[in-house]
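The values are calculated or read from the model by the stated rules, or taken from the named source; none is laboratory data. Computed from a predicted structure; not experimentally measured. Cβ placement follows ideal geometry from the backbone for every residue including glycine, while neighbour counts extend to all protein chains displayed. Ligands, DNA and RNA are excluded from the accessible area calculation, which covers all protein heavy atoms including side chains. Shrake-Rupley method; radii C 1.70, N 1.55, O 1.52, S 1.80 Å.
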Amino acid sequence: MKILIFSPYYPPHIGGLESHADEFNKHLSQKGVDITVFTPRLPEDAPETEIKYNNVKIIRFPAFEIISNYPLPKFWTKKYQELRREINTKNFDIVISRTRFFNTSLMAMVYAKTKKIKWIHIEHGSDFVKLSSGFKTFVAKLYDYTFGSLVFKFSDINVSISKTVNEFVKKFDKRNSPVIYRGLDFKKIDNINQDPEIKEKFEGKIIISFAGRLYKWKGVENTVKAIKSLPEKIKSKIVFLVLGDGEDYARIKKLVGEDKSIEMFGSLKWEKVISILKITDIYVHSSLPGGGLSTSLLEAMYSKCAVIATPNEGADEVIQDNENGLLIENSDPKTISKKIIELIEDKDKIGLFSEKASKKTLDFFTWDKSIEKYLTILKK
């Protein structure tokens, strides 16, 4: 079986979608599936072509970002045309795309319909995109109701990465959309040690973290406001580490100001993020509606962080309130600060929640289970 995957991003670009795509390809290729990935060459120093896991070929075409984290192909360049001809001359059995609001999903649609082959769309989003400005958010919603809806309606099947995503897909397509959760690469995470420098730097502090892209829908600014509003006797005991970059980085940095209890790290390699999560006591998932199932949340859970989370981005599918974490109704600074204080004043809960959260991921998020479900669809 030969599959062509149009991916909006791919490692070494960092993100949850990227890790999902790469690990999916790794485990699927081990079942004898031949995979070609067509993806933007971002960052620009990434190799144009490479082969991973023996039979996963990655072809990276020239691209640029019109706004942060929304790539477009440099379709006018000779190199793009050459690479496009390369995939056009090959025969594939199935086309796969990811997330309707990236143009690579439209590219997959055109390719599948032109070649008259089956097209599977994997959706990662659970709501309309919320960006830093009202105008950008309006344009994104308009895109969903036009081009995005075409992706949902004309694919042969839509696969949702969480139940929350499934509900969003149903707004556009009433056909059955199976839910297949991602897996985690447990061995890879296990092989990463705690970050010794960060651990030493914040010795004696309760470490609170967030990891992910800094979009408006992530709600990170609400956690920053919550931290800044804490009583000094609490603030003196903690540090909040923001691990990630994105279009909201400058705005959040300005909001942080001179507050010494908050540190922003910007873009980090995945291994570095995991090494910091492993010394984190409390992980705050303050997301608004928008994403699918947060990879960073699952990684924090497996790394034995006690989680405070809104129900969004699939958190209410993995966190049971007062069982393996704390759920809050919405991304509200006052509520977040209240829950932070609750955990700090009851450290036994931190230990209890972290152990149960780690076990939850180990029990439910294995690639073996996920790939078998995908193979069933591919074979049909």
Filtering the range 319-338 down to residues that are open to solvent by less than 30 Å² (accessible area, probe 1.4 Å) and within 21 Å of Tyr181 (Cα to Cα) yields Ile319, Asn324, Gly325
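Every residue in the range 237-247 that is more than 13 Å from Ser267 (Cβ to Cβ), open to solvent by less than 70 Å² (accessible area, probe 1.4 Å) and not aromatic (Phe, Trp, Tyr), please. Don't jump to the end; show me each part of the working.
Pass one, the range 237-247, residues more than 13 Å from Ser267 (Cβ to Cβ): 237-241.
Retained after the next criterion (residues that are open to solvent by less than 70 Å² (accessible area, probe 1.4 Å)): 238-241.
Listed by number, the residues that qualify are Ile238, Val239, Leu241.
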Considering every residue within the range 203-215, establish whether at least one is on the phi > 0 side of the Ramachandran plot and touching a residue at least 60 places away in the same chain (Cβ under 8 Å).
yes
Suppose we keep only residues that are within 14 Å of Ile161 (Cα to Cα) and of a type outside the set (D, E, K, R) within the range 355-380. Which one would you say is most open to solvent (accessible area, probe 1.4 Å)?
Phe364
Asp316 versus (1) open to solvent by 20 Å² or more (accessible area, probe 1.4 Å); (2) assigned to a loop (DSSP other than H, G, I, E, B); (3) on the phi < 0 side of the Ramachandran plot: which is the lone unmet condition?
(2)
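Just to be sure I understand, how many residues within the range 33-70 are part of a strand (DSSP E or B), in contact with a strand residue (DSSP E or B) (Cβ under 7 Å, 6 or more places away or on another chain) and either of a type in the set (A, V, I, L, M, F, W, C) or modelled with pLDDT of 95 or more (or both)? Lay out the reasoning, then the answer.
In the first step, residues of the range 33-70 are kept if they are part of a strand (DSSP E or B); the result is 34-40, 49-52, 56-61, 63-67, 70.
When the remaining residues are screened for being in contact with a strand residue (DSSP E or B) (Cβ under 7 Å, 6 or more places away or on another chain), the result is 34-40, 49-52, 56-61, 63-66.
Filter once more, so that each one left must be either of a type in the set (A, V, I, L, M, F, W, C) or modelled with pLDDT of 95 or more (or both): 34-40, 49-52, 56-61, 63-64, 66.
Number satisfying all stated conditions: 20.
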Is it the case that Val95 is touching a helix residue (DSSP H, G or I) at 6+ places or on another chain (Cβ under 8 Å), touching a residue at least 24 places away in the same chain (Cβ under 8 Å) and farther than 29 Å from Lys153 by Cβ?
no
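Here is a yes/no grid of residues against (1) more than 20 Å from the chain's Cα centre (by Cα); (2) at pLDDT below 95; (3) under 23 Å from Ala250 (Cα atoms); (4) open to solvent by 10 Å² or more (accessible area, probe 1.4 Å):
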| residue | (1), (2), (3), (4) |
| --- | --- |
| Lys187 | no, yes, no, yes |
| Asn191 | yes, no, no, yes |
| Lys199 | yes, no, no, yes |
| Ile208 | no, no, yes, no |
| Glu221 | no, no, yes, yes |
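Based on what the data block shows, is Leu83 of a type in the set (A, V, I, L, M), in a loop (DSSP other than H, G, I, E, B) and touching a strand residue (DSSP E or B) at 6+ places or on another chain (Cβ under 6 Å)?
Values: of a type in the set (A, V, I, L, M): yes; in a loop (DSSP other than H, G, I, E, B): no; touching a strand residue (DSSP E or B) at 6+ places or on another chain (Cβ under 6 Å): yes.
No.
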Can you list residue pairs whose Cβ atoms sit under 7 Å apart, with the first residue in the range 341-361 being of a type in the set (D, E, K, R) and the second being open to solvent by less than 60 Å² (accessible area, probe 1.4 Å)? Count only pairs 6 or more apart in sequence or on different chains.
Lys349/Ala306; Lys349/Leu343; Lys356/Asn324; Lys360/Met301; Lys360/Val318; Lys360/Asn324
Odd one out for Thr137, checked against (1) touching a strand residue (DSSP E or B) at 6+ places or on another chain (Cβ under 7 Å); (2) farther than 30 Å from Lys272 by Cβ; (3) in a helix (DSSP H, G or I):
(1)
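For the subset of the range 151-171 comprising residues that are among the hydrophobic types (A, V, I, L, M, F, W, C) and either buried (at least 18 other Cβ atoms within 10 Å of the Cβ) or in a helix (DSSP H, G or I) (or both), which member is nearest to the chain's Cα centre (by Cα)?
Step one: list which residues in the range 151-171 are among the hydrophobic types (A, V, I, L, M, F, W, C), which gives 151-152, 154, 157, 159, 161, 165, 168-169.
Next, only the ones that are either buried (at least 18 other Cβ atoms within 10 Å of the Cβ) or in a helix (DSSP H, G or I) (or both) stay: 151-152, 154, 159, 161, 165, 168-169.
Values: Val151: 20, Phe152: 20, Phe154: 25, Val159: 16, Ile161: 11, Val165: 13, Phe168: 17, Val169: 18 Å.
By that ranking, first place goes to Ile161.
Quick one: which of Glu23, Glu18 is charged (D, E, K, R), open to solvent by less than 50 Å² (accessible area, probe 1.4 Å), in contact (Cβ under 8 Å) with a residue 40 or more places away in the chain and assigned to a helix (DSSP H, G or I)?
Numbers: Glu18 fails: in contact (Cβ under 8 Å) with a residue 40 or more places away in the chain.
That would be Glu23, the only listed residue that is charged (D, E, K, R), open to solvent by less than 50 Å² (accessible area, probe 1.4 Å), in contact (Cβ under 8 Å) with a residue 40 or more places away in the chain and assigned to a helix (DSSP H, G or I).
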Give the residues of the range 258-283 that are surrounded by 15 or more Cβ atoms within 10 Å (Cβ to Cβ) and without any contact (Cβ under 8 Å) to a residue 40 or more places away in the chain, sorted by residue number.
Ser261, Ile262, Glu263, Met264, Phe265
